[in-house]
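Read the figures in this text as sums done on the coordinates, not as results from a lab. Here the structure is a predicted model, which is why all the values come from computation and not from measurement. Cβ placement follows ideal geometry from the backbone for every residue including glycine, while neighbour counts extend to all protein chains displayed.
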Amino acid sequence: MTSKPVLTSLVGGLLIAILASAYFMSRPAVELPLAQAEPDPLAHERPAAPGSLEVQRLNSSEASFKLKEHRGDVLLLWFWTADCDPCWTEIKELVALARKYQRAGLQVRLINMDVDAEAIRRVVDLSPKILDGSGFEPKDLMLHDPTRKAAFELRVDTSPSTVLIDRAGRVASVGGGSMIWTQEEAQRMIEDLLAESASGDEAD
């Protein structure tokens, strides 16, 4: 027969486990590593992004997005699927981010990874509404990676995930999970990368 102290300990441990699980499941965002406020002395050690990376546009016959054509820009590549409910809110924040920093050299691409026809149709149908008033068209931001080839090359394995590529074409960070892009920390991370030159040093 289990003694009362042992039973109490088991119950207490179970309660702590439940509370811890609830806490982590309810976290609204996963933080990416922040770029340094000063020029990153290890920027030259960042791994090069695959120069041959190419992603088709969502529901468009226009030319694919080619990574090599954006050397000199800071790229924010955001991988997602339609069944991710928080993603629909995050998309709006990313569109606002793209609009805010476009002139400074930030290029945002929203890369859907769905293969299900109904999910793809939902994304295609809602894209114009999401972009309404932003100045962007779906072909400007929306890409499609149904084979997940680009995701594989960039070591993305979850939805959503964010890949940041610096002006020199190197991978600055890869992070899985939702971000709150309206937060100061998230925007400072973007601004720090924008402040770097194509060589990885601080821009003049």
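Applied to segment 110-116, the Karplus parametrisation 6.51 cos²θ - 1.76 cosθ + 1.60 on θ = phi - 60° returns per-residue 3J(HN,Hα) values of 9, 9, 7, 10, 6, 10, 5 Hz, with x for Gly and Pro. Legend: Rg and Dmax of segment 46-194, from Cα coordinates, 14.0, 39 Å. Taking 16 Å as the cut-off, the amide N atoms of segment 156-197 that come nearer than this to a point 7 Å along the Cα-to-beta-carbon line of C84 belong to 156-165, 173-182. How far apart, in nm, are two points set 7 Å out from the Cα along the Cα-to-Cβ line at S134 and at S61? If labels sit at S134 and S61, their model points lie 2.5 nm apart. In a fully extended conformation the segment linking R148 and K92 would gain 17.9 nm over its present Cα-Cα distance, using 0.36 nm per residue.
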